[in-house]
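Participant: Handing you a structure now.
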Amino acid sequence: MTRDSTAVAASGAALLGLAALALTRQRRCQALVPTTHVPAPAIDPGAAVRAARRMNRAAGVIAASVLADSAVEHYRGAFHNKAMVAPLVTAALSLAVSAHGNADKRPQAHRVRDSVYVAAALTGLVGTCFHVFNIGKKPGGFSWQNLFYSAPIGAPMALTLSGAMGFLAERVRDTTPGQAPTIAGVSAGRAVAAATSLGLLGTVGEAGLLHFRGAYHDPFMYLPVTIPPLTAALIGNAAFGRTRRRRPLTRFWLRFTALLGFAGAGFHAMGVARNMGGWRNWRQNVLNGPPIPAPPSFTGLALAGLAALGLMEDHPDD
Amino acid sequence: MTDRYPGYDVMSKRWTESWNETTRKVIDRRLAISREPRFFSGTEWRTLNAVCDRIMPQPKDRPPVPLAAFVDQKIADRLMDGYRYAEMPPQDEAWRRGLAALDEAAQETHDTLFHMLSTEQQDGLLCRMQQGGLTGPAWGGMPCKLFFEHRVIPDITHAYYAHPVAWNEIGFGGPASPRGYVRMGLDRRDPWEAVEATPGEEAHARLKNDHGG
């Protein structure tokens, strides 16, 4: 009971902290981030492609996480519904075109990459609908019990994030050389930063729900509900703040978050070892224990945030 | 009896990750149970065996699960349920009285001991016990219906389904220690679980069960 209360309190505190950060964005950020005015650089014709390739890498890391995670979890579900193969196919394709994009230095969007990224994003959305339907039809409907133990409500959105980041990468790449990349008329850096911030918050929600289910039995389980919300606030602040400014703290925090994603996979591997039978009983424990491939989603999003920071530095719009 | 899990032998899990040393010891102890009574007298033992044969009849083509021995062990080792009905004495006393009362009833109605009766006559007496129709000084005030429902049936059937032979019949994997279950939904099967044969698919099930574990 005490542990539950602590867990609720910590989750609440993390959210409150986030809200407070958002509300006091301007002032807080000035306190945290040393303000350094930098002159507008001349537009580097290769900058957009470089940023797009960074975003391809981000989309690829998220796709790899989704591919492995959905493979494990949907195998656990014995591919009961044939549609459960869809995320494996689209995440694998998203991973492949991300690798292609990373190697591609041409300043034009690629039709196949574009199509795959859109398909991945749509698959994620449809998957979310499936998962919501799956939870709703269980006895008790949208109860905590079903949110904890049915199909994870937030997981398919990671595929949408991979697709969305890849799609944005293609828009950035498609910039006419000599012009600043924009997406729907908005500075591309701001758009990607905002998308990263939202993606991080969604992923925090998923980690928070499942770590709450795990009663935060290991203190390190608090990390993904405390570090990434700050990252989301910092990169969100960058999205709406001034671009003509270096943001060393945001950059550091994004790198830290990227590291956290990989560390999370390591912690989850330890979690598998702590289940009965340990790694020798891997056929059960990899499925039953904490999902090893899930945390690197944070890494992918942090990489997208770093790409956004680079874009904003290369192409200030104020 | 139809073999619903053809080729399945839970004992083949013995050296897989499904079982660990503790599990192996528990199962070994269970299989090595003495066939001689420690608690019951000779007369009681014969009556108890006759009751077990009627409550849980077993096929003749395999060695029977020694049900009476498990009931005897439960009492001798004082493995209690943790609760009992106020009208019922403790399990040792309940079994003593119940078996004596069955012999008493057999004497009254057929002039011989319970284990000497035909199976139809034994079933008749057990049915009367189930319906609360047996009375006599040997019961010592214990309601025969309660004895049937809360001693005879659970003690004998629990003993049966605690045995690997019964697990093979129902496709059960034995103690989930260390490997348990992942696919918890209805009609879902983990790869290390027994495969139930659907009509016409017996060979497929047998093949999978041969490689299970």
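The values are calculated or read from the model by the stated rules, or taken from the named source; none is laboratory data. Source: prediction; values computed, not measured. No Cβ is skipped: glycine too gets one built from the backbone with ideal geometry, and neighbour counts run over all protein chains shown.
Participant: Right, B:Leu134: of a type in the set (A, V, I, L, M, F, W, C) and closer than 29 Å to B:Arg62 by Cβ or not?
Facilitator: So B:Leu134 does not fit the description; no.
Participant: Hey, another quick one. How many residues does region A:284-318 hold that are touching an Asp or Glu at 6+ places or on another chain (Cβ under 7 Å) and part of a helix (DSSP H, G or I)?
Facilitator: 1
Participant: Out of B:Ala176, B:Ala162, report the one residue that is modelled with pLDDT of 95 or more and under 30 Å from B:Thr16 (Cα atoms).
Facilitator: None of the other options fit; the residue is B:Ala162.
Participant: Being of a type in the set (D, E, K, R), touching a helix residue (DSSP H, G or I) at 6+ places or on another chain (Cβ under 7 Å), assigned by TED's automatic domain parsing to the domain that holds B:Ala159 and more than 15 Å from B:Ile156 (Cβ to Cβ) narrows it down to one residue among B:Arg14, B:Arg35, B:Arg84, B:Arg54; which is it?
Facilitator: B:Arg35
Participant: Quick test for you: out of B:Gln91, B:Gln121, pick the one residue that is in the same structural domain as B:Arg46 (by TED's automatic domain parsing), over 22 Å from B:Asp72 (Cβ atoms) and modelled with pLDDT of 95 or more.
Facilitator: Of the residues listed, the single one that is in the same structural domain as B:Arg46 (by TED's automatic domain parsing), over 22 Å from B:Asp72 (Cβ atoms) and modelled with pLDDT of 95 or more is B:Gln121.
Participant: Follow-up question, since we're still on this one. May I ask you to verify whether B:Thr112 is of a type in the set (S, T, N, Q) and not in a helix (DSSP H, G or I)?
Facilitator: Here the answer is yes, as B:Thr112 does meet what is asked.
Participant: Could you pull out the residue among A:Ala215, A:Ala238 that is touching a residue at least 24 places away in the same chain (Cβ under 8 Å), hydrophobic (A, V, I, L, M, F, W, C) and farther than 28 Å from A:Gln145 by Cβ?
Facilitator: A:Ala238
Participant: Oh, and also: Does B:Asp155 fit the bill of being within 21 Å of B:Cys52 (Cβ to Cβ), surrounded by 14 or more Cβ atoms within 10 Å (Cβ to Cβ), touching a Ser or Thr at 6+ places or on another chain (Cβ under 7 Å) and modelled with pLDDT of 90 or more?
Facilitator: no
Participant: Right, something else. Of all residues in region B:20-63, which are touching a Ser or Thr at 6+ places or on another chain (Cβ under 7 Å), of a type outside the set (Ser, Thr, Tyr) and either farther than 30 Å from B:Cys127 by Cα or not in a loop (DSSP other than H, G, I, E, B) (or both)?
Facilitator: B:Asn20, B:Arg54
Participant: Applying the selection to region A:58-85, what residues are acidic (Asp, Glu) and within 14 Å of chain B (Cβ to nearest Cβ)?
Facilitator: A:Glu73
Yes or no, residue by residue, for (1) assigned to a loop (DSSP other than H, G, I, E, B); (2) within 14 Å of chain A (Cβ to nearest Cβ); (3) β-branched (Val, Ile, Thr):
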site	(1), (2), (3)
B:Ala162	yes, no, no
B:Ala166	no, no, no
B:Gly180	yes, yes, no
B:Asp190	yes, yes, no
B:Val195	yes, yes, yes
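Participant: Is it true that A:Leu260 is away from every other protein chain (no Cβ under 13 Å), within 15 Å of the chain's Cα centre (by Cα), closer than 24 Å to A:His217 by Cβ and in a helix (DSSP H, G or I)?
Facilitator: Answer is yes for this residue.
Participant: Now, a different point. Only one of these is within 14 Å of chain A (Cβ to nearest Cβ), assigned to a loop (DSSP other than H, G, I, E, B) and either out of contact with any strand residue (DSSP E or B) (no Cβ under 6 Å at 6 or more places or on another chain) or under 25 Å from B:Met56 (Cβ atoms) (or both): B:Gly133, B:Gly141, B:Gly173, B:Gly200. Name it.
Facilitator: Criteria check complete, one pass: B:Gly173.
Participant: Hey, does region A:276-293 have a residue that's away from chain B (no Cβ under 14 Å), touching a helix residue (DSSP H, G or I) at 6+ places or on another chain (Cβ under 6 Å) and of a type outside the set (A, V, I, L, M)?
Facilitator: Yes: region A:276-293 contains one or more residues that are away from chain B (no Cβ under 14 Å), touching a helix residue (DSSP H, G or I) at 6+ places or on another chain (Cβ under 6 Å) and of a type outside the set (A, V, I, L, M).
Participant: For region A:104-124, enumerate the residues that are surrounded by 17 or more Cβ atoms within 10 Å (Cβ to Cβ) and outside any helix (DSSP H, G or I).
Facilitator: Hits for region A:104-124 are A:Asp104, A:Ala109, A:His110.
Participant: Of the numbered conditions (1) in a helix (DSSP H, G or I); (2) within 14 Å of chain B (Cβ to nearest Cβ); (3) surrounded by fewer than 17 Cβ atoms within 10 Å (Cβ to Cβ), A:Gly266 fails exactly one; give the number of that condition.
Facilitator: Failing condition for A:Gly266: (2).
Participant: While we're here: Assuming A:Arg247 fulfils every condition listed in (1) surrounded by fewer than 24 Cβ atoms within 10 Å (Cβ to Cβ); (2) over 26 Å from A:Leu95 (Cα atoms); (3) not β-branched (Val, Ile, Thr) apart from one, which condition is it?
Facilitator: All conditions are met except number (1).
Table: residues versus (1) exposed (fewer than 15 other Cβ atoms within 10 Å of the Cβ); (2) within 23 Å of B:Val165 (Cα to Cα); (3) in contact (Cβ under 8 Å) with a residue 12 or more places away in the chain; (4) not charged (D, E, K, R).
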| position | (1), (2), (3), (4) |
| --- | --- |
| B:Ser41 | yes, no, no, yes |
| B:Trp45 | no, yes, yes, yes |
| B:Val51 | no, yes, yes, yes |
| B:Lys60 | yes, yes, no, no |
| B:Leu67 | no, yes, yes, yes |
| B:Ile75 | no, yes, yes, yes |
| B:Gly82 | yes, no, no, yes |
| B:Met88 | no, no, yes, yes |
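Participant: Select from region B:115-130 the residues that are assigned to a helix (DSSP H, G or I) and in contact with a helix residue (DSSP H, G or I) (Cβ under 9 Å, 6 or more places away or on another chain) and list them in ascending order.
Facilitator: B:His115, B:Met116, B:Thr119, B:Gln121, B:Gln122, B:Asp123, B:Gly124, B:Leu125, B:Leu126, B:Arg128, B:Met129, B:Gln130
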